[in-house]
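Asker: Have a look at the structure that comes next, please.
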């Protein structure tokens, strides 16, 4: 099943740029998941299992290092082209 995820990340610290850039670098590592970075959020597109595995691993890494808030929207019917 193909899904689209919109993710926004809010690291709860003064120097938020480092964790945000770390998130973007981690998301770009998975070849079979398409990423599109915007000003307010990032879109991920791909098959369900690889996208969800990427999210799980990435969010865990960042939450282990930084106090974090993630806002996600996940859809299997709103494919963005």
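The values are calculated or read from the model by the stated rules, or taken from the named source; none is laboratory data. Because the structure is predicted, anything quoted here is derived from the model rather than measured. Cβ atoms come from the backbone with ideal geometry, glycine included; neighbour counts cover every protein chain shown.
Asker: For region 19-41, what are the residues that are outside any loop (DSSP other than H, G, I, E, B) and under 16 Å from residue 60 (Cα atoms)?
Answerer: So the first thing to find is which residues in region 19-41 are outside any loop (DSSP other than H, G, I, E, B), and the list is 19-27, 34-37.
Hits for region 19-41 are 19, 20, 21, 22, 23, 24, 25, 26, 27.
Asker: Among the residues in region 14-21, are any under 20 Å from residue 75 (Cα atoms) and within 11 Å of the chain's Cα centre (by Cα)? Before you say what the answer is, go through the steps one by one.
Answerer: From region 14-21, those under 20 Å from residue 75 (Cα atoms) are none; that's our starting set.
Taking every residue of region 14-21 in turn, none turns out to be under 20 Å from residue 75 (Cα atoms) and within 11 Å of the chain's Cα centre (by Cα).
Asker: Please determine, by comparing only the residues of region 29-45 that are under 14 Å from residue 9 (Cβ atoms) and out of contact with any helix residue (DSSP H, G or I) (no Cβ under 8 Å at 6 or more places or on another chain), which one is surrounded by the fewest Cβ atoms within 10 Å (Cβ to Cβ). It would help to see each step written out before you state the result.
Answerer: First, the residues of region 29-45 that are under 14 Å from residue 9 (Cβ atoms): 35, 37-44.
Next, from what is left, pick out any that are out of contact with any helix residue (DSSP H, G or I) (no Cβ under 8 Å at 6 or more places or on another chain): 38-41, 43.
On the way: 38: 9, 39: 4, 40: 7, 41: 15, 43: 15.
For region 29-45, the residue satisfying everything is 39.
Asker: State which residue is surrounded by the fewest Cβ atoms within 10 Å (Cβ to Cβ) when the search covers only region 58-81 and only residues that are within 10 Å of the chain's Cα centre (by Cα) and without any contact (Cβ under 8 Å) to a residue 60 or more places away in the chain. Show your work before the answer.
Answerer: From region 58-81, those within 10 Å of the chain's Cα centre (by Cα) are 58-59, 70-72; that's our starting set.
Then keep just the ones that are without any contact (Cβ under 8 Å) to a residue 60 or more places away in the chain; that gives 58-59.
Working: 58: 22, 59: 17.
Ranking the qualifying residues of region 58-81, first place goes to 59.
Asker: Report, by residue number, each residue of region 22-46 that is under 9 Å from the mean Cα position of the chain (by Cα) and under 18 Å from residue 68 (Cα atoms). Explain how you work it out, then say what you get.
Answerer: Of region 22-46, the ones under 9 Å from the mean Cα position of the chain (by Cα) are 23-24, 26-27, 35, 41-44.
Of everything in region 22-46, those that are under 9 Å from the mean Cα position of the chain (by Cα) and under 18 Å from residue 68 (Cα atoms) turn out to be 23, 24, 26, 27, 41, 42.
Asker: To continue, here is another question. Is there a residue in region 46-55 that is touching a helix residue (DSSP H, G or I) at 6+ places or on another chain (Cβ under 7 Å) and free of Cβ contacts under 8 Å to residues at least 24 places away in the same chain? Steps first, please.
Answerer: Within region 46-55, the first condition is being touching a helix residue (DSSP H, G or I) at 6+ places or on another chain (Cβ under 7 Å), and the residues that meet it are 54.
Of the ones still in play, those that are also free of Cβ contacts under 8 Å to residues at least 24 places away in the same chain are none.
No - not one qualifying residue is present in region 46-55.
Asker: Please work out if residue 12 is in contact (Cβ under 8 Å) with a residue 24 or more places away in the chain and within 19 Å of residue 1 (Cβ to Cβ).
Answerer: no
Asker: Turning to a different aspect of this structure: Given (1) surrounded by 12 or more Cβ atoms within 10 Å (Cβ to Cβ); (2) touching a strand residue (DSSP E or B) at 6+ places or on another chain (Cβ under 7 Å), where does residue 53 come up short, assuming only one miss?
Answerer: Of the numbered conditions (1) surrounded by 12 or more Cβ atoms within 10 Å (Cβ to Cβ); (2) touching a strand residue (DSSP E or B) at 6+ places or on another chain (Cβ under 7 Å), the odd one out for residue 53 is (2).
Asker: Have a look at 74, 3 and point out the one that is modelled with pLDDT of 95 or more, in contact with a helix residue (DSSP H, G or I) (Cβ under 6 Å, 6 or more places away or on another chain) and either at positive phi or not in a loop (DSSP other than H, G, I, E, B) (or both).
Answerer: Working: 74 fails: in contact with a helix residue (DSSP H, G or I) (Cβ under 6 Å, 6 or more places away or on another chain).
After ruling out the rest, the residue left standing is 3.
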